[in-house]
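Take a look at the structure below.
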Amino acid sequence: MPLKTLVVDDHQAARVGLISLFEGSSIEVTETAADGEEALQKLESGQIDVALIDVQMKKMDGLSLLSSIRQAIPDLPVVLISAYDYPVYIARAVANGAQEYVLKSDPIAGIEAAIRHAVEHREVRPGGRLDSIRRKMSEPLSADVPELPVTSREGQVLRHVAFGLSNREIATSLGISVETVKEHVQNILRKTGASDRTDVAVRAVRLGIVD
């Protein structure tokens, strides 16, 4: 049975292009939207199986839309699509509950497979881009990094900070409260002597804690 898909992209050519690419596949583009507000309105119908959302949009970017969808329709499968393979975008997609992150340059069969997995399993696809970054963020820091004398949990928080995630996104990703995240961040800054989270994030990148 074709999957009823909402395509969200602020470029008409991109929306039309995706409709054309999915012709003859198991993905049926039944709705399109040019921005986040329009997308949320169309999702109210409850007739959508999955949303395919562009990350870079001017009015409401895809990550902000993803966050809004998770509040309004927690179980809706969402796949993000982008022209850019940026770890920061992918990390934020993980934290905000996307099922996969694909590139516009990926083969159409790969995008179709990602969408089908999102609908059928409602979880991050093993071996996909989100899975790779998720594993990286959850890894404990190696003990041979004396410049970052933090606990295992603080190390996880530090990886999230280095990827550019907000306290709310870190809390969602790790399943802890925002107040607990703030406490961990303060401990990290104190232990490392960093002036702020940007400073400690730069140090983490330089030390190879994130790629």
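The values are calculated or read from the model by the stated rules, or taken from the named source; none is laboratory data. On a predicted model such as this, the values are computed, not experimentally measured, just so you know. So basically every Cβ, Gly included, is an ideal-geometry build from the backbone, and we count neighbours across all protein chains shown. Surface accessibility is based on the protein's heavy atoms, side chains included, excluding ligands, DNA and RNA. Shrake-Rupley method; radii C 1.70, N 1.55, O 1.52, S 1.80 Å.
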Residue pairs meeting the criteria (Cβ under 7 Å; at least 6 apart or on separate chains; first closer than 21 Å to Arg92 by Cα and without any contact (Cβ under 8 Å) to a residue 40 or more places away in the chain, in region 171-196; second hydroxyl-bearing (Ser, Thr, Tyr) and part of a loop (DSSP other than H, G, I, E, B)) = Ala171/Ser177
Could you say whether any residue in region 44-55 is of a type in the set (S, T, N, Q) and in contact with a helix residue (DSSP H, G or I) (Cβ under 6 Å, 6 or more places away or on another chain)?
-> no
Glu123 being among the acidic types (Asp, Glu), open to solvent by 70 Å² or more (accessible area, probe 1.4 Å) and closer than 17 Å to Ile81 by Cα | yes
Applying the selection to region 108-135, what residues are in contact with a helix residue (DSSP H, G or I) (Cβ under 6 Å, 6 or more places away or on another chain) and in a helix (DSSP H, G or I)?
-> Ile108, Arg129, Leu130, Ile133, Arg134
Kindly list, by first and then second residue, each pair from a residue in region 125-151 that is modelled with pLDDT of 90 or more to a residue that is charged (D, E, K, R), limited to pairs with Cβ atoms under 6 Å and residues at least 6 apart or on different chains.
-> Arg125/Glu100; Gly128/Glu100; Leu130/Glu100
Which of (1) open to solvent by 40 Å² or more (accessible area, probe 1.4 Å); (2) out of contact with any helix residue (DSSP H, G or I) (no Cβ under 7 Å at 6 or more places or on another chain); (3) more than 27 Å from Leu80 (Cα to Cα) does Arg153 not meet, given it meets every other one?
-> (2)
Report yes if Pro140 is in contact with a Gly (Cβ under 9 Å, 6 or more places away or on another chain) and open to solvent by 20 Å² or more (accessible area, probe 1.4 Å), otherwise no.
-> yes
When you look at Ser105, is it in a loop (DSSP other than H, G, I, E, B), small (Gly, Ala, Ser) and either open to solvent by 30 Å² or more (accessible area, probe 1.4 Å) or touching a helix residue (DSSP H, G or I) at 6+ places or on another chain (Cβ under 7 Å) (or both), yes or no?
-> yes
Ser45: over 27 Å from His160 (Cβ atoms) and of a type outside the set (Val, Ile, Thr), yes or no?
-> yes
Any idea how many residues of region 63-75 are farther than 19 Å from Gly128 by Cα and in contact (Cβ under 8 Å) with a residue 24 or more places away in the chain?
-> 9
Cβ pairs under 9 Å, 6+ apart, first in region 85-112 and touching a residue at least 40 places away in the same chain (Cβ under 8 Å) and at positive phi, second open to solvent by 10 Å² or more (accessible area, probe 1.4 Å) and β-branched (Val, Ile, Thr) = Gly97/Thr172
Could you list, in sequence order, all residues of region 162-211 that are over 19 Å from the mean Cα position of the chain (by Cα), open to solvent by 20 Å² or more (accessible area, probe 1.4 Å), among the small types (Gly, Ala, Ser) and closer than 20 Å to Ile133 by Cα?
-> Gly208
